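The values are calculated or read from the model by the stated rules, or taken from the named source; none is laboratory data. Please read all numbers here as calculations on a predicted model, not as lab measurements. Don't worry about glycine lacking a Cβ; one is built from the backbone with ideal geometry, like all the others, and counts go over all protein chains shown. Surface accessibility is based on the protein's heavy atoms, side chains included, excluding ligands, DNA and RNA. Shrake-Rupley method; radii C 1.70, N 1.55, O 1.52, S 1.80 Å.
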Amino acid sequence: MGIRWMGQALSSPFFPVCHKMAAKGDVCGSEVFSVQRLMIEGGTPLRGEIPVHGAKNSALPLLAAAVLCQGETVLHGCPQLSDVAAACRILTELGCRVRREGHSIFVDASSVSNPWVPDDLMREMRSSVVFLGSVAARLGEASLCFPGGCELGARPIDLHLFGLRALGMEIEERDRHIYARTGGRLTGARIRLRFPSVGATENILLAATLAQGETILENAAMEPEIVDLAGFLTACGARIRGAGTDTIVVEGVDRLHGCEYTVMPDRIEAATWLCGCAAAGGEILALGARADCLQSLLPLLERMGCRIRVMPEGVLLAAPARLAGCGQVVTSPYPGFPTDMQAVLMAAAATAEGESRFTETIFENRFRHVAQLEKMGARIQVDGMEARVEGVPLLHGAEVEATDLRGGAALAVAALGALGVTQITQLRHIDRGYESLERDFSAVGAKIVRI
Ligand code: UD1
């Protein structure tokens, strides 16, 4: 296709489109997202070091937690993503002073005063519901609109509301909005979740830190991001035990102070880099990746024939000439296999010798990447919540569309090992979770550009 890489003239048939729009002066905002595409020429083994950034799924609850602190909080390692920018805009709307310097965000919540999270910001980022617990605990009231569903399916928040009500929060649901009041201070309680929801655990933890007395949260989510949130809150003066187990005990304190904290590395991004190398071949060091948070993935990659070495600076993966199938993978809450890693592993398994089976148990709509992978020659049969992947020797380039965040990343993983050029559109999904997929993958030798 005559594409030349980074810093050189592009002669792709798509490049004239960008030229025409730039000449019209209308390449901005969502239009950019609708015309931008990733062009990936597969078949080059990856070699070198690839950095793992701070975790989006940790940075967002930590920014919500900053509302609880009287004084300034400094969060290092915040990824530069649209969801993080949206969280900063929410903080500003609430009355916080927010400043960003590279990957560090400074939040001064001394002047927080507004309990309303604007509807447009709630809709922009579904996980902004995590502000409910912190804003209500700090200001005595909070109001935000229902986050609604998303591309993964229904995203109910009944467990969040159940837990917050158990702490004494009065919550009214009216006209797709939530109005919450604490009527003074919340009261600690024993709460048992029927399912270990990550978001509900975070919301309850945030509210319980400033409650009167002890909260015992049973069947809590055990994800590393919960441990990170508890670590941050503890550094701010909260009293929390058991984070990372299924029972978290919080002894409420009168106030929290600010602190300086570094967001944990993103285990989903690390998984994307490792699966990308497994698919493309070669050897990479995922710099900063924490092997202890990848315990459900690394044995599967080894089973597929990859050599894994856990080093102090990260995780090293060397890919075999051809991958073997990964067997049966069932997504489940931590320490089970994460739903967020299912798509990228499936993309690698598409060219493995033998069969791989995936059972999704967390979200109902998490196989949307399958139809796109099939355009590249993958053979995958979906039956309800099960996908059976019959590995083919090689995928081929195709025009595909990112259908959701991790599904989009999976297409890039598949494209790195495919024959020819793949074009991926609908990049707004991918950009929600990766600072710059093309920058990071091209640093290890991938032929990938955004045009
Ligand atoms: C978080 C992550 C998301 C990840 C997911 C599962 C963030 C910002 N998002 O999402 O990337 O895919 O964990 O690891 O950290 N549920 C209910 N009622 C509730 C809440 C959840 O029924 O009140 C159900 C959901 O429908 C889903 C399951 O519980 O089936 C998991 O949801 P949850 O763990 O809450 O995920 P999120 O916090 O939304």
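With respect to residue 248, is the statement that it is open to solvent by 10 Å² or more (accessible area, probe 1.4 Å), in a strand (DSSP E or B) and not aromatic (Phe, Trp, Tyr) true? Break it down stepwise before answering.
Working: open to solvent by 10 Å² or more (accessible area, probe 1.4 Å): no; in a strand (DSSP E or B): yes; not aromatic (Phe, Trp, Tyr): yes.
No; evaluated as a whole, the condition is false for this residue.
In region 397-451, what count of residues is obtained for those that are open to solvent by less than 10 Å² (accessible area, probe 1.4 Å), closer than 18 Å to residue 56 by Cβ and part of a loop (DSSP other than H, G, I, E, B)? Selection size over region 397-451: 4.
Within region 176-206, count every residue that is open to solvent by less than 10 Å² (accessible area, probe 1.4 Å) and either within 14 Å of the ligand (Cβ to nearest atom) or over 19 Å from residue 64 (Cβ atoms) (or both). Full working, then the answer.
The initial filter retains those residues of region 176-206 that are open to solvent by less than 10 Å² (accessible area, probe 1.4 Å), namely 178, 180, 186, 191, 193, 200-201, 203-206.
If we keep only those that are either within 14 Å of the ligand (Cβ to nearest atom) or over 19 Å from residue 64 (Cβ atoms) (or both) too, we end up with 178, 191, 193, 200-201, 203-206.
Matching residues across region 176-206 total 9.
A residue that is among the β-branched types (Val, Ile, Thr) and more than 22 Å from the chain's Cα centre (by Cα) can be found somewhere in region 405-428. Residue count for region 96-130 under the criterion of being part of a loop (DSSP other than H, G, I, E, B) and either in contact with a helix residue (DSSP H, G or I) (Cβ under 9 Å, 6 or more places away or on another chain) or of a type in the set (Val, Ile, Thr) (or both): the result is 9. Do the conditions hold for residue 126, that is, is it open to solvent by 20 Å² or more (accessible area, probe 1.4 Å) and more than 14 Å from the ligand (Cβ to nearest atom)? For residue 126, the condition - open to solvent by 20 Å² or more (accessible area, probe 1.4 Å) and more than 14 Å from the ligand (Cβ to nearest atom) - is not met.
The residues of region 132-149 that are touching a residue at least 60 places away in the same chain (Cβ under 8 Å) and within 12 Å of the ligand (Cβ to nearest atom) amount to a single one, 132.
Within region 150-175, the residues that satisfy the criterion of being acidic (Asp, Glu) and either in contact with a Ser or Thr (Cβ under 7 Å, 6 or more places away or on another chain) or within 7 Å of the ligand (Cβ to nearest atom) (or both) are 151, 158.
Condition test on residue 345, is it more than 16 Å from the ligand (Cβ to nearest atom) and farther than 30 Å from residue 212 by Cβ?
The answer is no for residue 345.
Only one of the numbered conditions (1) in contact (Cβ under 8 Å) with a residue 40 or more places away in the chain; (2) within 16 Å of the ligand (Cβ to nearest atom); (3) open to solvent by less than 50 Å² (accessible area, probe 1.4 Å); (4) over 19 Å from residue 267 (Cβ atoms) is not met by residue 82, and that is (3).
What number of residues in region 131-147 are open to solvent by less than 10 Å² (accessible area, probe 1.4 Å), aliphatic (A, V, I, L, M) and in a helix (DSSP H, G or I)? Lay out the reasoning, then the answer.
Filtering region 131-147 for residues open to solvent by less than 10 Å² (accessible area, probe 1.4 Å) gives 131-136, 142-145.
When the remaining residues are screened for being aliphatic (A, V, I, L, M), the result is 132, 135-136, 142, 144.
So of that shortlist, the ones also in a helix (DSSP H, G or I) come out as 132, 135-136.
So the count comes out to 3.
Assess whether residue 303 counts as being surrounded by fewer than 24 Cβ atoms within 10 Å (Cβ to Cβ), in contact (Cβ under 8 Å) with a residue 12 or more places away in the chain, assigned by TED's automatic domain parsing to the domain that holds residue 366 and not hydrophobic (A, V, I, L, M, F, W, C). Don't jump to the end; show me each part of the working.
Details: surrounded by fewer than 24 Cβ atoms within 10 Å (Cβ to Cβ): yes; in contact (Cβ under 8 Å) with a residue 12 or more places away in the chain: yes; assigned by TED's automatic domain parsing to the domain that holds residue 366: yes; not hydrophobic (A, V, I, L, M, F, W, C): yes.
Yes: the conditions hold for residue 303.
Residue pairs whose Cβ atoms lie under 7 Å apart, separated by 6 or more positions or on different chains, with the first residue in region 198-210 and closer than 13 Å to residue 249 by Cα and polar (S, T, N, Q) and the second open to solvent by less than 10 Å² (accessible area, probe 1.4 Å) and more than 9 Å from the ligand (Cβ to nearest atom), are 201/217; 201/220; 201/226; 209/68; 209/233; 209/238; 209/250; 209/256. The single condition among (1) among the basic types (Lys, Arg); (2) within 14 Å of the ligand (Cβ to nearest atom); (3) touching a strand residue (DSSP E or B) at 6+ places or on another chain (Cβ under 6 Å) that residue 267 does not meet is (3).
I'd like to check which strands (runs of 3 or more DSSP E) are fully inside region 148-204 and have at least 2 residues that are closer than 30 Å to residue 405 by Cβ. Give the derivation first.
Details: elements: 170-174, 177-181, 190-192.
Correct list: 170-174, 177-181.
A search for C-beta distances below 6 Å between a residue of region 401-424 that is farther than 14 Å from residue 43 by Cα and any residue that is assigned to a strand (DSSP E or B) and more than 16 Å from the ligand (Cβ to nearest atom), counting only pairs 6+ apart in sequence or on different chains, returns 401/425; 402/424; 411/400; 411/424; 423/39; 423/399; 424/38; 424/400. Reported count of residues in region 363-377, each being open to solvent by 10 Å² or more (accessible area, probe 1.4 Å), at pLDDT 95 or above and either within 14 Å of the ligand (Cβ to nearest atom) or assigned to a loop (DSSP other than H, G, I, E, B) (or both), is 3.
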